[in-house]
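**Q** Before I ask anything, here is the structure I am working with.
The values are calculated or read from the model by the stated rules, or taken from the named source; none is laboratory data. Values in this document were obtained by computation on a predicted structure and should not be read as measured data. Note that each Cβ is placed from the backbone with ideal geometry, even for glycine, and that neighbours are counted across all protein chains shown.
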There are 2 protein chains.
Amino acid sequence: MYHSHDTLHEFTRTFFTTIGCSARDAEIIADVFVAAELRGIGSHGLLRVADHYNLWKAGRLNTSPRLSITRETVSTAVVDGDNAPGMLAAAFSMETAIRKAADAGTGWVACRNSNHFGIAGYYAMMALRHGMIGICLTNANPLVAPTFSVSRLLGTNPVAVAVPAGKEPPFVADFATTPIARGKLEVAVKKGEKTLYGYVQDSSGRPTDDPDILRKGGAMLPLGGDREHGSHKGYCLGATVDILSALLSGAGFGPFVPPSVAYLPLPGEGNGKGTGHFFGAMRIDAFRDPGEFMEAMDRWILTFRNAKSADGKPSVLIPGDVEREQEQQNRERGIELLPSVRDELNKIAGELGMETRL
Amino acid sequence: MYHSHDTLHEFTRTFFTTIGCSARDAEIIADVFVAAELRGIGSHGLLRVADHYNLWKAGRLNTSPRLSITRETVSTAVVDGDNAPGMLAAAFSMETAIRKAADAGTGWVACRNSNHFGIAGYYAMMALRHGMIGICLTNANPLVAPTFSVSRLLGTNPVAVAVPAGKEPPFVADFATTPIARGKLEVAVKKGEKTLYGYVQDSSGRPTDDPDILRKGGAMLPLGGDREHGSHKGYCLGATVDILSALLSGAGFGPFVPPSVAYLPLPGEGNGKGTGHFFGAMRIDAFRDPGEFMEAMDRWILTFRNAKSADGKPSVLIPGDVEREQEQQNRERGIELLPSVRDELNKIAGELGMETRL
């Protein structure tokens, strides 16, 4: 069964106003949830409404936050998210980065005391509406072991970069600093399948193809997989995301990032507040004539798009192509939720006395 | 035979003044060359003096450049390197980024019309002397095929990030966006050995363990190796480095980056000028009380350093550990050049009528 994105937007909005968000805040949050669904990233879509519901019931989510800038210069700011749903803290932080960039050429904002914010690409893409380059990083609850270790010290810590182009659609990269997303492991577990080597290790640090290994003391591997294939580079990248997101803002770092689900305990105090993000916005004309830049960017995109494919492989993709095509299709056809997700959402709506159902 | 780093510094300085550099410029260039040798990255050390000699003889390197800022805002600048040795353009650009950060909180500089600049980490580390975070990216001559392609469109495009700490040594990540450096392939060729799968592909895009495949129309793979193991993420990262380095500055992008050796032809005109770099400097106090930050950074470093090792693996490394230990050793013991490199340097010294020999 397919739902229009408007229906999903309205449901999400109603859910968040029901648990205490203002109409304006619920609108922002619903935008991010529905963007994930439209772009084909269901793992960050309405599936996660239940996590928010459970965090809220446990008193672990502040639905009427006061977001504040606690420190700033002409090109920087630090935002305290007041334990808000991550989408609110993130959207406010990225707006601040864009405002700083309008004045100073670039704007850079670190955010603490936030929560899971959905898809990183959403915030990077906010800069495109202003003709700017947008950057978004976030840390996340620890699942990844650094090279040589068995300790889960880093999240999948994604990097998103959005670059405007001229006649071509924008370049939008949004990728975890691990070979795969955690969601792919869950899918393999549910199907009773093995996974590929190179994604996870067991509790002794040995390679394994068991997708359920995270429940048995195993860990995800950094991008690169093993040392011979550059896992130390994936570790460097994930570590950089953690440092910029948490240490510049005062958020929890590495193993002290709070979980995005209520059934896992909160980390102890004293190692920073909440989840951390880092945002950047760069005005093109702070570097180059925008007309020239857009033309060069179109040339870049066409050069890569028209590269020769390997035998039996599809055309070279520009980062953002897949999600944009998915969005076009999902806008027209509607979005299919997993039956289990729909049932859960309707159950929550019932418990909260919401009038709307999916 | 071991040489003191002072001896190598003097040799390099003399070489560059002999081919037309000012004493001050030669000093800067020698600093970067010797830093590579000290840090154990011989592939970016005196081995490359010959490349500079050949580029200069071919009239492809400007040893008396006029570096200029062609555009700026309070937090940004664009530098034209006037076809200088990359070290000069890069050091000037990073100094500019640091100066901007002192005023605006952060500074971001894109540089065009430059050349190979040695180790990216050197410039990121310049920020440490000012208690700032330093970032350095560069594009490089095309050897890497994007996911699904056989066309060599990207360089090994490294990323360097230096972060100051308190009592602990700084975090210094400096890594190519490919599983290995090209130099490792050369070593395997010279030894007549195969390489591992996951580094290179043949001219049809098929996996291969032939380290000499670049001479046969093959290509290096992005970090991740193949699509299943996240090569599209390595491609996203290398592409981002290319865009920030070349498109913001007006340098040659992707396949149009000029080679760092004289025996390869220059790319055609019209797709940007020279090699491109991108530099960032961030003042800690633009985000957080520096004392608090340094303490948190020490805690971060100790948390990772003390993580549990996998069976049979060494301790977890903090980015920069290996190079720092190497430097300590090389300062005391001296630096060993390959006999072939030493002979070549002495031959060049003879041709130029330099009085010094190694």
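**Q** Taking into account only those residues within the range B:218-251 that are more than 29 Å from A:Met282 (Cβ to Cβ) and within 8 Å of another protein chain (Cβ to nearest Cβ), which is nearest to the chain's Cα centre (by Cα)?
**A** B:Gly225
**Q** Within the set of pairs 6+ apart or on separate chains, which have a first residue in the range B:271-300 that is more than 8 Å from chain A (Cβ to nearest Cβ), a second that is surrounded by fewer than 24 Cβ atoms within 10 Å (Cβ to Cβ) and of a type in the set (Asp, Glu), and C-beta atoms under 6 Å apart?
**A** B:Asp298/B:Glu168
**Q** Being at pLDDT below 95 and of a type in the set (S, T, N, Q) narrows it down to one residue among A:Ser43, A:Ser4, A:Ser64, A:Ser22; which is it? Outline the logic, then answer.
**A** Values: A:Ser4 fails: at pLDDT below 95; A:Ser64 fails: at pLDDT below 95; A:Ser22 fails: at pLDDT below 95.
Among A:Ser43, A:Ser4, A:Ser64, A:Ser22, only A:Ser43 is at pLDDT below 95 and of a type in the set (S, T, N, Q).
**Q** Suppose we keep only residues that are under 30 Å from A:Thr76 (Cβ atoms) and assigned to a loop (DSSP other than H, G, I, E, B) within the range A:144-156. Which one would you say is farthest from the chain's Cα centre (by Cα)? Full working, then the answer.
**A** Residues of the range A:144-156 that are under 30 Å from A:Thr76 (Cβ atoms), as a first pass: A:144, A:146, A:153-156.
Checking which are assigned to a loop (DSSP other than H, G, I, E, B) leaves us with A:146, A:153, A:155-156.
On the way: A:Pro146: 21, A:Leu153: 18, A:Gly155: 11, A:Thr156: 10 Å.
Looking at residues that are under 30 Å from A:Thr76 (Cβ atoms) and assigned to a loop (DSSP other than H, G, I, E, B), I get A:Pro146.
**Q** Hey, another quick one. Considering only residues of the range B:14-59 that are farther than 13 Å from B:Leu345 by Cα and of a type in the set (Lys, Arg), which is surrounded by the fewest Cβ atoms within 10 Å (Cβ to Cβ)? Quick ask: steps written out before the conclusion?
**A** Going residue by residue through the range B:14-59, those that are farther than 13 Å from B:Leu345 by Cα are B:17-44, B:55-59.
The next check asks that each one be of a type in the set (Lys, Arg); those that pass are B:24, B:39, B:57.
Numbers: B:Arg24: 9, B:Arg39: 24, B:Lys57: 12.
This residue is B:Arg24.
**Q** Testing A:Val200 on (1) surrounded by fewer than 23 Cβ atoms within 10 Å (Cβ to Cβ); (2) under 27 Å from B:Asp311 (Cα atoms); (3) not acidic (Asp, Glu), one condition comes back false. Which one is that?
**A** Checking A:Val200 against (1) surrounded by fewer than 23 Cβ atoms within 10 Å (Cβ to Cβ); (2) under 27 Å from B:Asp311 (Cα atoms); (3) not acidic (Asp, Glu), the one that fails is (1).
**Q** Let me ask something else about it. Would you confirm whether or not the range B:110-121 contains a residue that is surrounded by 24 or more Cβ atoms within 10 Å (Cβ to Cβ), part of a helix (DSSP H, G or I) and either hydrophobic (A, V, I, L, M, F, W, C) or at pLDDT 95 or above (or both)?
**A** yes
**Q** Which pairs have Cβ atoms under 6 Å, sit 6 or more apart or on different chains, and link a residue in the range A:143-163 that is more than 8 Å from chain B (Cβ to nearest Cβ) to one that is of a type in the set (Asp, Glu) and in a strand (DSSP E or B)?
**A** A:Ala160/A:Asp174
**Q** In the range B:341-358, which residues are under 12 Å from B:Val49 (Cβ atoms), in a helix (DSSP H, G or I) and either not charged (D, E, K, R) or not assigned by TED's automatic domain parsing to the domain that holds B:Ile19 (or both)?
**A** Matches in the range B:341-358: B:Val341, B:Leu345, B:Asn346, B:Ile348, B:Ala349.
**Q** Same structure again: Can you pull out every residue in the range A:302-333 that is in contact (Cβ under 8 Å) with a residue 40 or more places away in the chain, surrounded by 14 or more Cβ atoms within 10 Å (Cβ to Cβ) and touching a Phe, Trp or Tyr at 6+ places or on another chain (Cβ under 8 Å)?
**A** A:Ile318, A:Pro319, A:Gly320
**Q** So B:Gly42 passes all but one of these: (1) within 15 Å of B:Ile19 (Cα to Cα); (2) in the same structural domain as B:Arg24 (by TED's automatic domain parsing). Which condition number does it fail?
**A** Against the list (1) within 15 Å of B:Ile19 (Cα to Cα); (2) in the same structural domain as B:Arg24 (by TED's automatic domain parsing), B:Gly42 comes up short only on (1).
**Q** Next question, about the same structure. Pick out the one residue from A:Ser231, A:Ser245, A:Ser260, A:Ser204 that is under 20 Å from B:Ser231 (Cα atoms) and in contact (Cβ under 8 Å) with a residue 24 or more places away in the chain.
**A** Values: A:Ser245 fails: under 20 Å from B:Ser231 (Cα atoms); A:Ser260 fails: under 20 Å from B:Ser231 (Cα atoms); A:Ser204 fails: under 20 Å from B:Ser231 (Cα atoms).
Result of the check over A:Ser231, A:Ser245, A:Ser260, A:Ser204: A:Ser231.
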